1. May I ask you to verify whether LEU42 is in a helix (DSSP H, G or I), surrounded by 15 or more Cβ atoms within 10 Å (Cβ to Cβ) and in contact with a Ser or Thr (Cβ under 9 Å, 6 or more places away or on another chain)?
2. Go through the residues of region 50-57 one by one and say whether even a single one is in a helix (DSSP H, G or I), touching a Leu at 6+ places or on another chain (Cβ under 8 Å) and surrounded by fewer than 18 Cβ atoms within 10 Å (Cβ to Cβ).
3. Report whether or not PHE60 is crowded, with 16+ Cβ neighbours inside 10 Å and farther than 18 Å from MET1 by Cα.
4. Being over 16 Å from SER73 (Cα atoms) and assigned to a helix (DSSP H, G or I) is the filter here; which residues of region 5-34 pass it?
Amino acid sequence: MKDKIIAILSELRPEFDFTEEKDFIEEGMLDSFDVVSLVSELEEAFGVLIDGTEILPENFSTVDSIEALVNKSKKK
């Protein structure tokens, strides 16, 4: 799953290396428009529905936090 998330992030913002452990939001690698696009891509790629209340910066700050969000969204 992590590889697919990294591939989606890299397609969205190819100028950044999402394999590094950085805070993507804090480092300016993702902005609010990117997050909206990312939610759509994640929903399509993983067949989940991400609740609007879950669209918080901390859920998109690392590959691990994005993976946790996708897994949490599968259980609904």
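Laboratory data are not the source of any read-out in this text; all were calculated from the coordinates shown. Computed from a predicted model, the values in this text were never measured in an experiment. FYI the Cβ positions are ideal-geometry reconstructions off the backbone, even for glycines, and counts take in every protein chain you see.
1. Yes, satisfied.
2. Looking for residues that are in a helix (DSSP H, G or I), touching a Leu at 6+ places or on another chain (Cβ under 8 Å) and surrounded by fewer than 18 Cβ atoms within 10 Å (Cβ to Cβ), one finds at least one in region 50-57, hence yes.
3. It is false that PHE60 is crowded, with 16+ Cβ neighbours inside 10 Å and farther than 18 Å from MET1 by Cα.
4. Listed by number, the residues that qualify are ILE6, ALA7, ILE8, LEU9, SER10, GLU11, LEU12, SER32, PHE33, ASP34.
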